[in-house]
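Colleague: Sending over a structure as structure tokens; questions will come in a sec.
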Ligand code: NAD
């Protein structure tokens, strides 16, 4: 049987990425599989219909794709409406937000739909090429700096001009994960004086290798699997007291701190923001998870005592062409695990496939996608 891989136009507000770019679509066709897509699916990402190979079929409308796809790939995938239209034994691959609206997963399971969550791909070395959290965080880290640079009332680089010398901006990046390191690298490229901070000691060398200084606040918090753990109240206080002193000399603050499965750690209090220099800019990448800074509001820009506090949502969608290319390559690498010499096959012995499956054999199988029982930790 020839497999049909479908993709549709994203419907979430502000979502301009597309799950399959022309380069990936070609690779899928190369397996002997078919591609069916909704008209204008890639338009907003910079890939008009004609950018796709003539071998890709353009459907008349969205429901035609959903009705026919054996495999549906999406960015923000699996809405209630789409589940109704999908074939009974379809496979869905996308960022399905496993912690949200979990009734979708039982609905999908009831229809025999197998759902793979790109967010739940194990963060192992073998799975790195499929890691959308990394690829999209990297886009967000880059764009956070551009946003800060365009909102700041100052230059980032040092400038020597006939009108005198301008000092470089002082940028502090909190959280040296994928987004934070990309933010540091981008701010360095723009010529700023960059300092990085994280609670994981292995980040000291990573920060320094980018030409940034490391800020030592005397708090280390290594958790499981190479991630940070949440800080104790005492550690939080030490961190805040030491950070407060440094913040008064910062022009731009970019916060990217996160602890898996928890709300964004609250690191910057309203008082600390009040004490920052007038004209400073904060970009809080933790905004959607509740914010690393107390005054942050997701999707808003606020001015607090002359400090601009920006809480962007879905920043990677604002660089849609490259964000889609990277996402699409991640999807292709996952799809490749489902290809057995041209035949579509799900090998449940594979730890990556088993690890990111949310529904399978008519059941919701991933603990992340099951409603939390009272008393269970999220
Ligand atoms: P993340 O988005 O979960 O967190 C961002 C950063 O915030 C982390 O560096 C974390 O240490 C830091 N942080 C958390 N609480 C903090 C606090 N209170 N104060 C300051 N900083 C705080 O992390 P991420 O970017 O997704 O990944 C983190 C690390 O995971 C990577 O640097 C890497 O070592 C590892 N990783 C491995 C793979 C892989 O092997 N496939 C892929 C991606 C990441």
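Colleague: Decide, for the stretch 287-375, between rounded, prolate and oblate: order the square roots of the alpha carbon gyration tensor eigenvalues as a ≥ b ≥ c, take rounded if a/c falls under 1.5, and otherwise choose prolate if a/b is larger than b/c, else oblate.
Modeller: It comes out oblate by the Cα gyration axes.
Colleague: Right, here's the next one. For the Cα atoms of the chain, what angle does the longest principal axis make with the long axis of helix 320-336, in degrees from 0 to 90, nearest 10?
Modeller: Taking the Cα atoms of the chain, the angle to 320-336 is about 50 degrees.
Colleague: Take 353, 20 and order them by how many other Cβ atoms sit within 10 Å, fewest up front.
Modeller: Listing 353, 20 from fewest to most nearby Cβ atoms yields 353, 20.
Colleague: Among 214, 156, which comes first, second and so on when ranked by fewest other beta-carbon atoms within 10 Å?
Modeller: Exposure proxy ranking, most exposed first: 214, 156.
Colleague: In the stretch 155-306, if every C-alpha pair distance is counted and binned at 10 Å from zero, what percent goes to each bin?
Modeller: 11, 41, 36, 9, 2, 0
Colleague: Can you tell me how the stretch 218-321 classifies by the Cα gyration tensor, rounded, prolate or oblate, using a/c under 1.5 as the rounded cut?
Modeller: The shape class here is oblate.
Colleague: With a ≥ b ≥ c the root eigenvalues of the C-alpha gyration tensor of the stretch 263-313, is it rounded (a/c under 1.5), prolate (a/b larger than b/c) or oblate?
Modeller: Cα axes put the stretch 263-313 in the oblate bin.
Colleague: Determine, for 54, 38, 202, the number of other Cβ atoms within 10 Å of each Cβ, and report the residues in order from fewest to most.
Modeller: 54, 202, 38
Colleague: Looking at the stretch 137-313, send over the antiparallel percent of its DSSP beta bridges, to the nearest 5.
Modeller: Values: 8 of 27 bridges.
So the antiparallel bridges amount to about 30 percent of the total.
Colleague: What is the stretch 137-313's relative contact order, in percent, from Cα pairs under 8 angstrom and six or more apart in sequence?
Modeller: Result for the stretch 137-313 is 18 percent.
Colleague: Calculate how steeply helix 233-247 sits against the longest principal axis of the alpha-carbon atoms of the chain, using the helix alpha-carbon long axis, and give the answer as 0 to 90 degrees to the nearest 10.
Modeller: Approximately 60 degrees, to the nearest ten.
Colleague: In percent, how large is the relative contact order of the chain, given Cα pairs closer than 8 Å and 6 or more residues apart?
Modeller: Value for the chain: 18 percent.
Colleague: For the chain, with a Gaussian network of springs between Cα atoms less than 10 Å apart, report the residue from 259, 71, 358 with the top mean-square fluctuation.
Modeller: 259
Colleague: Between the helical axis of 178-189 and the dominant principal axis of the chain, each derived from Cα atoms, what acute angle in degrees is found, rounded to the nearest 10?
Modeller: That works out to roughly 50 degrees.
Colleague: May I pose another question? Suppose a student asked you for the relative contact order of the stretch 134-221, using Cα pairs under 8 Å spaced at least 6 residues apart; what percent would you report?
Modeller: The normalised contact order for the stretch 134-221 reaches 26 percent.
Colleague: Where both residues lie in the chain, what percent of DSSP beta bridges are antiparallel, nearest 5?
Modeller: 30
Coordinate-derived values only; no laboratory data. Remember, predicted model here, so these are calculated numbers, not experimental data. Cβ: placed from backbone, ideal geometry, glycine included. Neighbour counts: every protein chain shown.
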